[in-house]
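For reference, the structure is listed below as C-alpha coordinates.
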(Lines give C-alpha, C1' and ligand atoms only; values in the text may rest on other atoms or scores of the structure.)
Protein backbone atom coordinates (compact mmCIF):
# COMPACT_ATOMS: atom_id res chain seq x y z
CA UNK A 1 0.00 0.00 0.00
CA UNK A 2 1.36 3.41 -0.93
CA UNK A 3 2.17 5.67 2.00
CA UNK A 4 0.53 8.52 0.09
CA UNK A 5 -2.81 6.66 0.06
CA UNK A 6 -2.74 4.68 3.35
CA UNK A 7 -6.47 3.90 3.21
CA UNK A 8 -6.45 2.59 -0.35
CA UNK A 9 -8.91 -0.25 -0.82
CA UNK A 10 -10.69 0.45 2.47
CA UNK A 11 -14.38 1.31 2.67
CA UNK A 12 -15.04 3.33 5.81
CA UNK A 13 -18.50 4.30 6.98
CA UNK A 14 -19.04 7.90 8.08
CA UNK A 15 -22.05 7.97 10.41
CA UNK A 16 -22.19 11.68 11.28
CA UNK A 17 -25.43 13.52 10.45
CA UNK A 18 -25.43 14.30 6.75
CA UNK A 19 -24.77 18.02 7.23
CA UNK A 20 -21.54 17.27 9.13
CA UNK A 21 -20.34 14.21 7.20
CA UNK A 22 -18.59 15.83 4.24
CA UNK A 23 -15.28 16.94 5.87
CA UNK A 24 -14.46 13.51 7.31
CA UNK A 25 -15.58 11.79 4.10
CA UNK A 26 -13.30 14.09 2.10
CA UNK A 27 -10.36 13.39 4.42
CA UNK A 28 -10.87 9.64 4.06
CA UNK A 29 -11.03 9.99 0.28
CA UNK A 30 -7.89 12.14 0.37
CA UNK A 31 -6.07 9.26 2.07
CA UNK A 32 -7.20 6.87 -0.63
CA UNK A 33 -10.18 5.37 1.16
CA UNK A 34 -13.75 4.96 -0.01
CA UNK A 35 -16.10 6.81 2.35
CA UNK A 36 -19.63 5.48 2.71
CA UNK A 37 -21.84 8.19 4.17
CA UNK A 38 -24.55 6.57 6.27
CA UNK A 39 -25.97 8.93 8.94
CA UNK A 40 -27.09 7.09 12.05
CA UNK A 41 -29.09 10.13 13.14
CA UNK A 42 -31.34 12.30 11.01
CA UNK A 43 -31.59 15.91 12.21
CA UNK A 44 -34.70 18.05 11.75
CA UNK A 45 -36.22 21.17 13.34
CA UNK A 46 -37.84 20.86 16.74
CA UNK A 47 -41.51 19.93 16.66
CA UNK A 48 -42.41 23.03 18.67
CA UNK A 49 -40.66 26.21 17.51
CA UNK A 50 -42.16 28.48 20.19
CA UNK A 51 -39.52 27.92 22.95
CA UNK A 52 -36.70 28.85 20.57
CA UNK A 53 -38.59 31.86 19.21
CA UNK A 54 -39.28 33.06 22.74
CA UNK A 55 -35.66 32.61 23.83
CA UNK A 56 -34.47 34.52 20.77
CA UNK A 57 -36.78 37.42 21.58
CA UNK A 58 -35.47 37.78 25.14
CA UNK A 59 -31.86 36.65 24.73
CA UNK A 60 -30.52 39.72 26.54
CA UNK A 61 -32.11 38.37 29.74
CA UNK A 62 -29.49 35.61 29.80
CA UNK A 63 -25.95 35.92 31.10
CA UNK A 64 -24.76 32.72 29.39
CA UNK A 65 -25.88 30.75 26.32
CA UNK A 66 -24.52 27.22 25.95
CA UNK A 67 -24.58 25.35 22.64
CA UNK A 68 -24.36 21.58 22.82
CA UNK A 69 -23.44 20.84 19.20
CA UNK A 70 -22.98 22.34 15.72
CA UNK A 71 -26.58 21.30 15.03
CA UNK A 72 -27.71 23.43 17.96
CA UNK A 73 -25.91 26.39 16.39
CA UNK A 74 -27.29 25.82 12.90
CA UNK A 75 -30.88 25.51 14.11
CA UNK A 76 -30.65 28.37 16.61
CA UNK A 77 -28.52 31.19 15.23
CA UNK A 78 -30.67 32.02 12.17
CA UNK A 79 -33.66 32.49 14.50
CA UNK A 80 -31.69 34.59 16.98
CA UNK A 81 -29.98 36.76 14.38
CA UNK A 82 -33.35 37.46 12.75
CA UNK A 83 -34.04 39.52 15.89
CA UNK A 84 -30.78 41.44 15.58
CA UNK A 85 -27.03 40.94 16.20
CA UNK A 86 -25.78 38.71 18.98
CA UNK A 87 -25.93 40.78 22.21
CA UNK A 88 -22.47 41.67 23.50
CA UNK A 89 -23.50 41.04 27.10
CA UNK A 90 -24.37 37.38 26.60
CA UNK A 91 -21.39 35.03 26.97
CA UNK A 92 -21.39 31.91 24.79
CA UNK A 93 -20.07 28.48 25.73
CA UNK A 94 -19.75 25.29 23.70
CA UNK A 95 -19.05 21.66 24.49
CA UNK A 96 -16.64 21.16 21.57
CA UNK A 97 -14.43 22.98 19.11
CA UNK A 98 -16.68 22.06 16.19
CA UNK A 99 -19.44 24.04 17.88
CA UNK A 100 -17.05 26.96 18.43
CA UNK A 101 -16.30 26.98 14.69
CA UNK A 102 -19.99 26.80 13.85
CA UNK A 103 -20.67 29.84 16.04
CA UNK A 104 -17.83 31.72 14.36
CA UNK A 105 -19.44 31.21 10.95
CA UNK A 106 -22.34 33.31 12.26
CA UNK A 107 -20.00 35.97 13.63
CA UNK A 108 -20.28 34.86 17.26
CA UNK A 109 -16.78 34.70 18.75
CA UNK A 110 -15.04 34.75 22.16
CA UNK A 111 -16.70 31.47 23.03
CA UNK A 112 -15.81 29.53 26.18
CA UNK A 113 -15.05 25.86 25.46
CA UNK A 114 -12.82 23.01 26.61
CA UNK A 115 -9.46 22.71 24.88
CA UNK A 116 -9.43 18.92 25.29
CA UNK A 117 -11.90 16.15 26.20
CA UNK A 118 -15.02 17.71 24.74
CA UNK A 119 -17.93 16.86 27.00
CA UNK A 120 -20.26 18.40 29.57
CA UNK A 121 -18.11 17.23 32.46
CA UNK A 122 -15.10 19.17 31.16
CA UNK A 123 -17.15 22.24 30.26
CA UNK A 124 -18.39 22.37 33.85
CA UNK A 125 -14.80 22.65 35.14
CA UNK A 126 -14.20 25.94 33.32
CA UNK A 127 -14.12 29.12 35.46
CA UNK A 128 -16.96 30.77 33.50
CA UNK A 129 -19.35 28.06 34.75
CA UNK A 130 -18.23 28.11 38.38
CA UNK A 131 -20.85 28.69 41.06
CA UNK A 132 -19.67 32.21 41.81
CA UNK A 133 -20.13 33.10 38.13
CA UNK A 134 -23.54 31.56 37.47
CA UNK A 135 -25.36 31.75 40.80
CA UNK A 136 -28.52 33.83 40.45
CA UNK A 137 -27.98 34.31 36.72
CA UNK A 138 -30.03 33.01 33.80
CA UNK A 139 -28.48 30.40 31.52
CA UNK A 140 -29.87 29.10 28.23
CA UNK A 141 -28.86 25.67 26.96
CA UNK A 142 -29.58 25.13 23.27
CA UNK A 143 -29.71 21.43 22.47
CA UNK A 144 -31.50 18.59 20.70
CA UNK A 145 -34.37 16.62 22.12
CA UNK A 146 -33.55 14.09 24.78
CA UNK A 147 -30.16 15.54 25.69
CA UNK A 148 -28.22 14.66 28.82
CA UNK A 149 -29.36 16.48 31.96
CA UNK A 150 -25.95 16.62 33.68
CA UNK A 151 -25.11 20.14 32.49
CA UNK A 152 -28.46 21.67 33.40
CA UNK A 153 -28.72 19.85 36.72
CA UNK A 154 -25.20 20.84 37.80
CA UNK A 155 -25.69 24.49 36.89
CA UNK A 156 -28.94 24.54 38.85
CA UNK A 157 -27.08 23.08 41.83
CA UNK A 158 -24.67 26.00 41.45
CA UNK A 159 -27.56 28.45 41.70
CA UNK A 160 -28.15 29.23 38.04
CA UNK A 161 -31.62 29.73 36.57
CA UNK A 162 -31.46 27.32 33.63
CA UNK A 163 -33.70 27.09 30.58
CA UNK A 164 -33.18 24.14 28.23
CA UNK A 165 -34.33 25.04 24.73
CA UNK A 166 -34.88 22.20 22.27
CA UNK A 167 -33.95 23.53 18.84
CA UNK A 168 -33.74 20.30 16.84
CA UNK A 169 -34.80 16.69 17.06
CA UNK A 170 -33.03 13.45 16.23
CA UNK A 171 -34.39 10.28 14.70
CA UNK A 172 -32.90 7.01 13.55
CA UNK A 173 -31.51 6.37 10.05
CA UNK A 174 -33.98 6.80 7.23
CA UNK A 175 -34.18 4.52 4.22
CA UNK A 176 -33.22 1.23 5.84
CA UNK A 177 -29.94 -0.57 6.43
CA UNK A 178 -29.43 -2.22 3.05
CA UNK A 179 -26.39 -0.11 2.02
CA UNK A 180 -24.54 -1.30 5.14
CA UNK A 181 -25.74 -4.88 4.96
CA UNK A 182 -24.88 -5.16 1.26
CA UNK A 183 -21.38 -3.81 1.91
CA UNK A 184 -20.86 -6.25 4.78
CA UNK A 185 -22.13 -9.22 2.78
CA UNK A 186 -19.87 -8.32 -0.13
CA UNK A 187 -16.90 -8.01 2.26
CA UNK A 188 -16.18 -4.45 1.26
CA UNK A 189 -16.94 -2.67 4.54
CA UNK A 190 -13.77 -2.27 6.58
CA UNK A 191 -14.63 0.11 9.43
CA UNK A 192 -17.20 2.42 10.94
CA UNK A 193 -16.59 5.84 12.44
CA UNK A 194 -19.13 6.67 15.16
CA UNK A 195 -19.45 10.02 16.94
CA UNK A 196 -22.71 9.46 18.81
CA UNK A 197 -23.65 6.88 21.45
CA UNK A 198 -27.29 7.44 20.58
CA UNK A 199 -26.64 6.78 16.90
CA UNK A 200 -24.79 3.57 17.67
CA UNK A 201 -27.67 2.41 19.85
CA UNK A 202 -30.11 3.10 16.99
CA UNK A 203 -27.97 1.01 14.66
CA UNK A 204 -27.56 -1.85 17.13
CA UNK A 205 -31.30 -2.00 17.84
CA UNK A 206 -32.18 -2.07 14.13
CA UNK A 207 -29.75 -4.84 13.19
CA UNK A 208 -30.80 -8.47 13.25
CA UNK A 209 -28.52 -11.29 14.39
CA UNK A 210 -26.66 -11.34 11.07
CA UNK A 211 -26.08 -7.58 11.18
CA UNK A 212 -24.92 -7.63 14.79
CA UNK A 213 -22.43 -10.36 13.94
CA UNK A 214 -21.04 -8.15 11.18
CA UNK A 215 -20.91 -5.18 13.56
CA UNK A 216 -19.09 -7.23 16.20
CA UNK A 217 -16.29 -8.05 13.76
CA UNK A 218 -15.93 -4.54 12.31
CA UNK A 219 -13.46 -2.01 13.76
CA UNK A 220 -15.41 0.93 15.17
CA UNK A 221 -13.48 4.20 15.55
CA UNK A 222 -14.91 6.55 18.19
CA UNK A 223 -13.61 9.98 19.30
CA UNK A 224 -14.79 9.92 22.90
CA UNK A 225 -14.34 7.57 25.85
CA UNK A 226 -18.05 7.71 26.71
CA UNK A 227 -18.97 6.38 23.25
CA UNK A 228 -16.43 3.58 23.70
CA UNK A 229 -17.92 2.71 27.09
CA UNK A 230 -21.44 2.64 25.66
CA UNK A 231 -20.29 0.51 22.73
CA UNK A 232 -18.76 -2.05 25.08
CA UNK A 233 -21.96 -2.04 27.12
CA UNK A 234 -23.70 -3.23 23.94
CA UNK A 235 -21.25 -6.14 23.80
CA UNK A 236 -19.05 -4.66 21.08
CA UNK A 237 -15.34 -5.25 21.61
CA UNK A 238 -13.59 -4.07 18.45
CA UNK A 239 -13.59 -0.42 19.56
CA UNK A 240 -10.77 2.00 18.72
CA UNK A 241 -10.69 5.19 20.79
CA UNK A 242 -9.24 8.07 18.76
CA UNK A 243 -8.47 11.71 19.33
CA UNK A 244 -11.28 14.23 19.24
CA UNK A 245 -13.24 15.45 16.23
CA UNK A 246 -12.60 14.59 12.57
CA UNK A 247 -8.86 15.12 12.88
CA UNK A 248 -8.63 12.60 15.71
CA UNK A 249 -10.75 10.03 13.89
CA UNK A 250 -8.65 10.39 10.73
CA UNK A 251 -5.42 10.02 12.72
CA UNK A 252 -6.81 6.83 14.27
CA UNK A 253 -7.71 5.44 10.86
CA UNK A 254 -4.25 6.22 9.49
CA UNK A 255 -2.51 4.64 12.49
CA UNK A 256 -4.53 1.41 12.43
CA UNK A 257 -2.84 -1.81 11.38
CA UNK A 258 -5.19 -2.87 8.60
CA UNK A 259 -3.26 -6.03 7.82
CA UNK A 260 -3.56 -7.44 11.34
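Just wondering, is there one or more residues in the range 147-159 that are touching a helix residue (DSSP H, G or I) at 6+ places or on another chain (Cβ under 7 Å), modelled with pLDDT of 95 or more and over 21 Å from residue 69 (Cα atoms)? The answer is yes, given that some residue of the range 147-159 is touching a helix residue (DSSP H, G or I) at 6+ places or on another chain (Cβ under 7 Å), modelled with pLDDT of 95 or more and over 21 Å from residue 69 (Cα atoms). Please enumerate the residues belonging to the range 134-176 that are in a helix (DSSP H, G or I) and free of Cβ contacts under 8 Å to residues at least 40 places away in the same chain. Passing the criteria: 150, 152, 153, 154, 155, 156, 157.
Condition test on residue 183, is it more than 15 Å from the chain's Cα centre (by Cα), free of Cβ contacts under 8 Å to residues at least 24 places away in the same chain, not in a loop (DSSP other than H, G, I, E, B) and not assigned by TED's automatic domain parsing to the domain that holds residue 61? When the stated conditions are applied, residue 183 does not pass them. Among the residues of this structure, residue 70 does not count as one that is assigned by TED's automatic domain parsing to the domain that holds residue 136 and more than 19 Å from residue 247 (Cα to Cα). Selection over the range 19-52 of residues that are out of contact with any helix residue (DSSP H, G or I) (no Cβ under 7 Å at 6 or more places or on another chain) and part of a loop (DSSP other than H, G, I, E, B) gives a count of 5. Residue count for the range 37-58 under the criterion of being in contact with a strand residue (DSSP E or B) (Cβ under 8 Å, 6 or more places away or on another chain), surrounded by 20 or more Cβ atoms within 10 Å (Cβ to Cβ) and modelled with pLDDT of 90 or more: the result is 3.
Of the candidates 189, 250, the single residue that is assigned to a loop (DSSP other than H, G, I, E, B), touching a helix residue (DSSP H, G or I) at 6+ places or on another chain (Cβ under 6 Å), touching a residue at least 40 places away in the same chain (Cβ under 8 Å) and not assigned by TED's automatic domain parsing to the domain that holds residue 49 is 189.
Mind counting the residues in the range 86-105 that are within 14 Å of residue 65 (Cβ to Cβ) and not in a helix (DSSP H, G or I)?
Residues that pass the stated criteria total 10.
Of the residues making up the range 61-79, none is out of contact with any helix residue (DSSP H, G or I) (no Cβ under 9 Å at 6 or more places or on another chain) and not in a helix (DSSP H, G or I). The numbered conditions (1) assigned to a strand (DSSP E or B); (2) in contact with a helix residue (DSSP H, G or I) (Cβ under 7 Å, 6 or more places away or on another chain) are all true for residue 16 except (1). Considering the range 106-127 alone, what residues qualify as being closer than 25 Å to residue 61 by Cα, part of a helix (DSSP H, G or I) and in contact (Cβ under 8 Å) with a residue 12 or more places away in the chain? Within the range 106-127, 120, 123 qualify. Of all residues in the range 105-132, count the ones that are modelled with pLDDT of 90 or more and closer than 17 Å to residue 87 by Cβ. Selection size over the range 105-132: 7.
The values are calculated or read from the model by the stated rules, or taken from the named source; none is laboratory data. As the structure is a prediction and not an experimental result, all values here were calculated from the model. All Cβ positions, even for glycine, are placed from backbone atoms using ideal geometry, and neighbour counts span all protein chains on display.
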